[in-house]
1. Among the residues of segment 135-150, is there at least one that is of a type in the set (D, E), surrounded by fewer than 18 Cβ atoms within 10 Å (Cβ to Cβ), modelled with pLDDT of 90 or more and out of contact with any Asp or Glu (no Cβ under 9 Å at 6 or more places or on another chain)?
2. Looking at segment 25-59, which of the residues that are within 12 Å of Y122 (Cβ to Cβ) and of a type in the set (F, W, Y) is modelled with the lowest pLDDT?
3. Please go through (1) part of a loop (DSSP other than H, G, I, E, B); (2) closer than 27 Å to C36 by Cα for V108 and return the number of the only condition it doesn't satisfy.
4. Go through F80, F91 for me and flag whichever is touching a residue at least 12 places away in the same chain (Cβ under 8 Å), touching a strand residue (DSSP E or B) at 6+ places or on another chain (Cβ under 7 Å) and among the aromatic types (F, W, Y).
5. Within segment 73-93, which residues are modelled with pLDDT under 85 and closer than 22 Å to V140 by Cα?
6. Return only the number of the condition from (1) closer than 14 Å to I162 by Cβ; (2) among the hydrophobic types (A, V, I, L, M, F, W, C); (3) part of a helix (DSSP H, G or I) that C84 does not satisfy.
7. Can you tell me which residue is most open to solvent (accessible area, probe 1.4 Å) among those in segment 86-124 that are in contact with a helix residue (DSSP H, G or I) (Cβ under 9 Å, 6 or more places away or on another chain) and farther than 24 Å from M169 by Cβ?
8. Would you mention how many residues in segment 131-171 are hydrophobic (A, V, I, L, M, F, W, C) and in contact (Cβ under 8 Å) with a residue 40 or more places away in the chain?
Amino acid sequence: MLCYNKDVRRKKAISSLRYVKTSAATEFLYPFDVSCLLCGDEQGECSHGGFCENCRREIRENTGRICQKCGRALIAEERFCEICREREREFDCARSCYVYEGGIRRVVTGYKYGAQLYAARYMARDMAELYEAAQMGCSVIVPSPTAKERVLERGFDHIELICEYLSEMLS
């Protein structure tokens, strides 16, 4: 999730946004799944992020010491990671809900390349919770651009679908 607060960037970002409210058809096609995103066990509505309790232990939230710019986990007692210290970034801040490893890597890969589109709503819900908990107060939330070739290859824009849900949840 990238956030912009600067007026110059806001005008540019707003002109590129295209959010569509989810429709009844989308709700029917991509309902909140009743099974865990990782193991597939059925257990009704999953309590958090679409994971059962066993799989939840495999997921590491991106909490603790993070770069104040890009949100990456930090090892040292620094405010910014090495990359953000060395170069200017075009965004005010970025945050992620989870460390991209293990189970989360499998969920994201399944979503992007296995067309497990129901995961988009869970990801958006986690992002909305992070946004509110961190009191980010962003003017605009901008999706990372997806290459046209990738959209054609997958048959959908994975970022746009998450943003549709996120927009609905934050409005």
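The values are calculated or read from the model by the stated rules, or taken from the named source; none is laboratory data. These figures come from a predicted structure and were not determined experimentally. Cβ: placed from backbone, ideal geometry, glycine included. Neighbour counts: every protein chain shown. Remember, those area values only see protein heavy atoms, side chains included, never the ligands or the DNA or RNA. Shrake-Rupley method; radii C 1.70, N 1.55, O 1.52, S 1.80 Å.
1. There is at least one residue in segment 135-150 that is of a type in the set (D, E), surrounded by fewer than 18 Cβ atoms within 10 Å (Cβ to Cβ), modelled with pLDDT of 90 or more and out of contact with any Asp or Glu (no Cβ under 9 Å at 6 or more places or on another chain).
2. Among residues in segment 25-59 that are within 12 Å of Y122 (Cβ to Cβ) and of a type in the set (F, W, Y), the one modelled with the lowest pLDDT is Y30.
3. So the condition that V108 fails would be (1).
4. Only one candidate passes the filter, namely F91.
5. Within segment 73-93, E90, F91, D92, C93 qualify.
6. (1)
7. Among them, the one singled out is Y113.
8. The total comes to 12.
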